[in-house]
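The values are calculated or read from the model by the stated rules, or taken from the named source; none is laboratory data. This is a predicted model, so every value here is computed, not measured. Cβ placement follows ideal geometry from the backbone for every residue including glycine, while neighbour counts extend to all protein chains displayed. Keep in mind that these areas ignore ligands, DNA and RNA; they rest on the heavy atoms of the full protein, side chains included. Shrake-Rupley method; radii C 1.70, N 1.55, O 1.52, S 1.80 Å.
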Amino acid sequence: MGCGVVFAILLFIVVIAALALSGSYNRLVRLQQTVDQSWAQVQNVYQRRADLIPNLVNTVSGAANFEKSTLTEVTNARASVGRVQLDPNRAPTDAAQLEQFQAAQGQLSNALSRLLVVVERYPELKANQNFLGLQAQLEGTENRISVERGNFNNAVQNYNVAVRSFPTNLIAGMLGFPPRPFFTAQAGAEKPPPVQFNFGPAPTPAANLNQGPAPTPATATSP
């Protein structure tokens, strides 16, 4: 076998390897872009919720004798979310950072839930058109958050499968494609909320009210 043939074979192998490497790299780039795009959507809906809160708090605070501690809790929770700084255009690679972000957002979700429960005690708020509009927007935003988080987790799953699959896993780390963390369910989310009905004591039959013991039936006598 001449040197030319050996060189041609080696060149062919190099070309095939380069094509395989470039194909794997391009696929990882596409999957990474999908993850980052999904992350941007998650950030958008969370920001939408944060933007609604000041108007919601202002509207609720106008109700007479409304619990100030509830409003303070919502305001503080929103501020805590703002202190968790993550790149809105690039999904995090550090699971601890995503967990911190999720914990802050979960704290805000819990505070908003308590706020809406307290509102039930104020008929004037339940009839306030401005509040009802904000409540509807907030509920719609919460639904979008759930949807976008699910889309993000799906994108991360597809990306992580590619990163960890052979032979792509041999080059993913070297080319700067680490696995990405998922959103996880909050602790206790698998348990349904307790439902309790308190109907009070059973009413006393009207026929027995303010009456003494029932009379003893008369006994029939012999003729």
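A quick yes/no check of all residues on (1) at pLDDT 95 or above; (2) under 22 Å from residue 91 (Cβ atoms):
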residue	(1), (2)
151	yes, yes
168	no, yes
186	no, yes
194	no, no
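Is it the case that segment 67-82 has a residue that's under 30 Å from residue 138 (Cα atoms), part of a loop (DSSP other than H, G, I, E, B) and not β-branched (Val, Ile, Thr)? Looking through segment 67-82, at least one residue is under 30 Å from residue 138 (Cα atoms), part of a loop (DSSP other than H, G, I, E, B) and not β-branched (Val, Ile, Thr).
Of the residues that make up segment 81-104, is at least one open to solvent by less than 20 Å² (accessible area, probe 1.4 Å), within 26 Å of residue 170 (Cα to Cα) and charged (D, E, K, R)? No; the residues of segment 81-104 include none that is open to solvent by less than 20 Å² (accessible area, probe 1.4 Å), within 26 Å of residue 170 (Cα to Cα) and charged (D, E, K, R).
In segment 71-83, the residues that are among the hydroxyl-bearing types (Ser, Thr, Tyr) reach residues that are open to solvent by less than 40 Å² (accessible area, probe 1.4 Å) with C-beta atoms within less than 9 angstrom, at least six apart or across chains, in these pairs: 75/53; 75/57; 75/111; 80/104; 80/108. Residue 35 fulfils the conditions (1) loosely packed, with under 12 Cβ neighbours inside 10 Å; (2) among the β-branched types (Val, Ile, Thr); (3) at pLDDT 95 or above except for a single criterion, (1). Flag set for residue 45, criterion: surrounded by 15 or more Cβ atoms within 10 Å (Cβ to Cβ) and at pLDDT 95 or above.
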